[in-house]
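One structure follows; several queries about it will come next.
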Amino acid sequence: MKLKPLALGLASFLLPLSMVFTSIFLSPWFSWMSNALSDLGHSVRSPVAPIFNFGLVTGGLLLLIYSVNYMSKRFPLTAKLVAVASYFLILIGTFDEVYGALHFIVSLIFFLALAIASLAYSFEGKSNYPVVIAVIIAAVWAIQLSGLCSCGAAIPEIISIFVTLVWFFDSMVKLQRSLKWD
């Protein structure tokens, strides 16, 4: 039996988010104001690293399968960018903070890919609001990296992810309707 596209699309973000929030729940030391989400995946310092990193790698794999097999049928450019983002999500879980600069680079590319995919979806989905989402992603990271906000990186990370889910969910619904899958 073939996994339905909508179920796969939903699983591709529900699984990693559930692992992230499970990791936060199991980590009383975690603070939104001083940590990055990736601190949860630090293989030496975090006892929840296997849960967190498993969620990222598995979620990235599910997202890659969804974008290549289904999203590409209606939103080919967006699907390619989501595939890039999903690959780098896998790399975030693989090259955790122990890897230092490499972890930062793969994380940076992941969030850039999300912002650029928002712009592509704006064009392919014929919607203006994903441009606003890309601007929000850029703004929260500009504020974080400029030092204007003394909060932890977890805040712009989770904002970037949740605003991306708005257009991602919209794309799943449009794809489901256009291909008339049950």
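Every number in this text was worked out from the coordinates using simple rules, so none of it is lab data. Remember, it's a predicted structure, so these values are computed and weren't measured experimentally. All Cβ positions, even for glycine, are placed from backbone atoms using ideal geometry, and neighbour counts span all protein chains on display.
With a cut-off of 8 Å between alpha carbons and a minimum separation of six or more residues, what is the relative contact order of the chain in percent? Don't skip to the answer; put the middle values down first.
Numbers: 257 pairs, mean separation 44.5, N = 182.
Relative contact order, the chain: 24 percent.
Kirkwood Rh and Cα-based Rg: tell me the resulting Rg over Rh for the chain, rounded to two decimals. Each step should come with its number before you reach the end.
Values: Rg = 16.1 Å, Rh = 16.5 Å.
Rg/Rh for the chain comes to 0.97.
So how do 80, 126 line up by other beta-carbon neighbours within 10 Å, fewest first?
Values: 80 17, 126 8.
So the residues, fewest neighbours to most, are 126, 80.
List the DSSP H helices in the chain whose Cα atoms stretch 24 Å or more along the helix axis and whose mean Kyte-Doolittle hydropathy is at least 1.6. Write out the running numbers ahead of the final one.
On the way: long enough: 5-25 (30 Å, 1.84); 49-66 (25 Å, 1.74); 76-94 (27 Å, 1.65); 101-124 (34 Å, 1.94); 129-146 (25 Å, 2.09); 154-179 (36 Å, 1.14).
Within the chain the helices that satisfy the rule are 5-25, 49-66, 76-94, 101-124, 129-146.
Also: Please give the charge dipole size of the chain, origin at the Cα centre, charges +1 on K and R Cβ atoms and -1 on D and E Cβ atoms. Round to the nearest 20 debye. It would help to have the intermediate numbers written out before the result.
Numbers: 10 positive and 7 negative charges, 155 e Å.
Computed about the Cα centre, the dipole is about 740 debye.
Between residue 178 and residue 142, take the C-beta separation as r, use R0 = 30 Å, and let me know the FRET efficiency to the nearest 0.05. Intermediate results must be reported in sequence, preceding the final value.
Numbers: r = 35 Å, r/R0 = 1.18.
Once rounded, the FRET efficiency stands at 0.25.
Continuing with this model, one more query. Tell me whether region 79-182 comes out rounded, prolate or oblate; compute the Cα gyration tensor, take square roots of the eigenvalues as a ≥ b ≥ c, and use a/c under 1.5 as the rounded threshold. Intermediate values should be presented prior to the final figure.
On the way: a/c = 2.58, a/b = 1.54, b/c = 1.67.
Here region 79-182 falls in the oblate category.
Here's something else I'd like to know. Working out 0.36 nm times the residue gap between residue 101 and residue 128, then minus their Cα-Cα distance, what length gain in nm do you get to one decimal?
Values: separation 27, 0.36 × 27 = 9.72 nm, distance 3.49 nm.
Gain on extension, residue 101 to residue 128, equals 6.2 nm.
For residue 174, list the aspartates and glutamates whose Cα falls under 17 Å from its own Cα; do not include residues on the same chain fewer than 8 positions away.
Output for residue 174: 124, 182.
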